[in-house]
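Trainee: The following block contains the structure, expressed as structure tokens.
The values are calculated or read from the model by the stated rules, or taken from the named source; none is laboratory data. Given the structure is predicted, the values throughout are model-derived calculations rather than measurements. As a convention, Cβ positions derive from the backbone with ideal geometry for all residues, glycine included, and neighbour counts pool all protein chains shown. Side chains are part of the model used for accessible areas, which takes the heavy atoms of the whole protein and leaves out ligands, DNA and RNA. Shrake-Rupley method; radii C 1.70, N 1.55, O 1.52, S 1.80 Å.
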Amino acid sequence: VRALAVAGRDQPAAVQDVESTEPGRGEVRVAVEAASVNGIDAAVAAGHLWDMLPHEFPVVLGRDFAGTVASTGDGVDELRVGDRVAGVITDLSLGRRGAIAEEVAVPAATLAVIPAAVAAEQAAAVGLAGVTAHDLVDALALSRGDVVLVSGATGGVGAFAVQLAAAAGARVVATARPGAATDFVRTLGAEDCVDHTSDLAPQVSGIAPAGVTAAIHVAGDPAALAALLQPSGRLASALGATVDQAGRDDVSVTPVMGVATPQKLTSLLDAVASGVLAVPIMRTYPLDGAAQAITDFSTHKLGKLVVRVP
Ligand SMILES: NC(=O)c1ccc[n+]([C@@H]2O[C@H](COP(=O)([O-])OP(=O)(O)OC[C@H]3O[C@@H](n4cnc5c(N)ncnc54)[C@H](OP(=O)(O)O)[C@@H]3O)[C@@H](O)[C@H]2O)c1
């Protein structure tokens, strides 16, 4: 099976042959059609997680995918060969189970069926970023009357967070460089934009003089963001920020770990199918070019990068 993998410590991520795995009890083998790139893939490829998570080489990269059920293990009743499915790999150990591969074996109970109107690339790109955005917005319990700053709005998680926050009724202030990035977040529903390459404080106070009621932290300095909140404001962080890092005790800080469930994936995919949620795919790479997608992830880009398999 061809896969984008890291063969050993200090090895670069490269497309290579890895062993095919048969689905175990309760698992299905998915013939992958598309997978997306997330921060964890870039971190694994760079070796940043060697001392933090167990690695069993070869480590196949990729957390979220869409494809077709190719075979089923014992005890799988809910899915059949040929079903179109999307999923997110949630294992905390890294190894053969990765999404940027011709096939992956995963528990059937973790998968969502893809609506007919949603393309495999879209379903793969929604995955981890969409679920994380969902959980960030959920943690803030946003509603009409909230003014929420999304810091990191131009990336994968941020692009979904802008849309979900706006759909919840909040007024969205998005970070973006001037030009194409600002146009991009406006099309997703941001009412105001601030440029994170210069001081945010005067820009935000021009929009919300008393401060914003909430902030979504996907990038940037948590203390600088917390300083922009009204008293009793709420900050949700995808980067594990704590109250100590925020440097204020009159605001709440919630670290959020995106937890993928079939229910959340189904709800996001339904929103894509009905046109409520846009999936901003900036570029699609062939499997043979997947290492380049990992490299490109860390440069300035908008939205999601997707690998098309084969
Ligand atoms: N907790 C979780 O469960 C979870 C899940 C998924 C991802 N994450 C983490 O969340 C982060 C974002 O993921 P992603 O996939 O959205 O990454 P991404 O696509 O690279 O997006 C990050 C965005 O942040 C922008 N940015 C960089 N520095 C900034 C700053 N100081 N202020 C405002 N914006 C800034 C970048 O834009 P420029 O190009 O303009 O710099 C980029 O568009 C990553 O660190 C990832 O590891 C956490």
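Trainee: Just want to confirm a number: the relative contact order over the chain, from Cα pairs under 8 angstrom separated by 6+ residues, in percent.
Mentor: Taking the mean separation of contacting Cα pairs over the length of the chain, I get 20 percent.
Trainee: Would you kindly calculate the translational diffusion coefficient of the chain, applying Stokes-Einstein with the Kirkwood radius from alpha carbon pairs, for 20 °C and a viscosity of 1.002 mPa s, and quote it in µm² s⁻¹ without decimals?
Mentor: So the translational diffusion coefficient is about 109 µm²/s.
Trainee: Another question, if that's okay. Could you state, as a whole-number percent, how many of the C-alpha pairs of the stretch 56-180 are farther apart than 27 Å?
Mentor: In whole percent, the long-distance tail amounts to 33.
Trainee: Oh, and also: Can you list which of the DSSP-assigned H helices in the chain have a Cα extent of 20 Å or more along the long axis and an average Kyte-Doolittle score of at least 0.0?
Mentor: What comes out of the filter, once short or polar helices are dropped, is 120-140.
Trainee: With the cut-off at 1.5 for a/c, could you classify the stretch 32-113 from its C-alpha gyration tensor as rounded, prolate or oblate?
Mentor: In terms of gyration-tensor shape, prolate.
Trainee: Among DSSP beta bridges whose residues both lie in the chain, state the antiparallel percentage, nearest 5.
Mentor: Bridges in the chain are about 55 percent antiparallel.
Trainee: List every residue whose amide H lies under 5 Å from the amide H of LEU235, counting only residues 5 or more places away in sequence or on a different chain, with H placed 1.01 Å from N in the peptide plane.
Mentor: Here ALA215, SER252, VAL253, THR254 satisfy the definition.
Trainee: Okay, next question. Classify the stretch 241-310: rounded, prolate or oblate, from the alpha-carbon gyration tensor (a ≥ b ≥ c, eigenvalue square roots; a/c under 1.5 rounded; otherwise prolate if a/b is larger than b/c)?
Mentor: Oblate, since a/c reaches 1.5 and b/c is not below a/b.
Trainee: Still on this structure: Just the number please: accessible area per residue for the stretch 214-310, 1.4 Å probe, all protein chains included, in Å².
Mentor: Averaged over the residues of the stretch 214-310, the accessible area is 46 Å².
Trainee: Here is a follow-up. Of all GluC sites (Glu not before Pro) in the stretch 73-124, which ones are in loop regions per DSSP and have a Cβ with at most 15 other Cβ atoms within 10 Å?
Mentor: Counting only loop positions with at most 15 other Cβ atoms within 10 Å, the GluC sites (Glu not before Pro) in the stretch 73-124 are GLU78.
Trainee: Quick one: accessible area per residue over the stretch 124-205, 1.4 Å probe, rounded to a whole number of Å²?
Mentor: 33
Trainee: Could you list the square roots of 5 times each eigenvalue of the Cα gyration tensor of the stretch 1-57, that is, the equivalent ellipsoid semi-axes, sorted largest first and rounded to whole Å?
Mentor: The answer is 22, 14, 13 Å, longest axis first.
Trainee: Sorted by accessible area with a 1.4 angstrom probe, largest first, how do ASP199, ASP244, ASP41 fall?
Mentor: ASP244, ASP199, ASP41
Trainee: Is the stretch 146-221 best put as rounded, prolate or oblate by its Cα gyration tensor, with a ≥ b ≥ c the root eigenvalues, rounded for a/c under 1.5, and otherwise prolate when a/b is larger than b/c, oblate when not?
Mentor: rounded
Trainee: Right, another one. Roughly how many Å² of ILE40 are accessible to a 1.4 Å probe, to the nearest 10?
Mentor: Approximately 50 Å² for this residue.
Trainee: Another one. Restricted to Cα positions, what overall size does the stretch 200-255 have along the principal axes? Three whole-Å values, descending.
Mentor: In descending order, the Cα extents are 28, 21, 14 Å.
Trainee: I'd like the Karplus ³J(HN,Hα) series for the stretch 94-107: coefficients 6.51, -1.76, 1.60, θ = phi - 60°, whole numbers in Hz, and an x wherever there's a Gly or Pro.
Mentor: The phi angles translate into 10, x, 5, 7, x, 8, 8, 7, 5, 8, 8, 9, 9, x Hz.
Trainee: A follow-up question, please. In a solvent-free Debye calculation with one equal scatterer on each Cα, what is log10 I(q)/I(0) for the stretch 140-286 at q = 0.09 Å⁻¹, listed in the order of the q values?
Mentor: Those come out to -0.26, one per q.
Trainee: For GLY95, enumerate residues with amide H under 5 Å from its amide H, sequence gap 5+ or separate chain, H modeled in the peptide plane.
Mentor: GLU56, VAL60
Trainee: Right, something else. Please report the relative contact order for the stretch 1-149, taking Cα pairs under 8 Å with a sequence separation of at least 6, and give it as a percent rounded to a whole number.
Mentor: Rounded, it is 29 percent for the stretch 1-149.
Trainee: Arranged from highest to lowest average of other beta-carbon atoms within 10 Å per residue, in what order do the peptides 269-275, 93-99, 219-225 appear?
Mentor: Ranking the peptides 269-275, 93-99, 219-225 by packing returns 93-99, 219-225, 269-275.
Trainee: What part of the accessible area of the stretch 76-224, given as a whole %, is carbon or sulfur when the probe is 1.4 angstrom?
Mentor: The computed percentage sits at 53.
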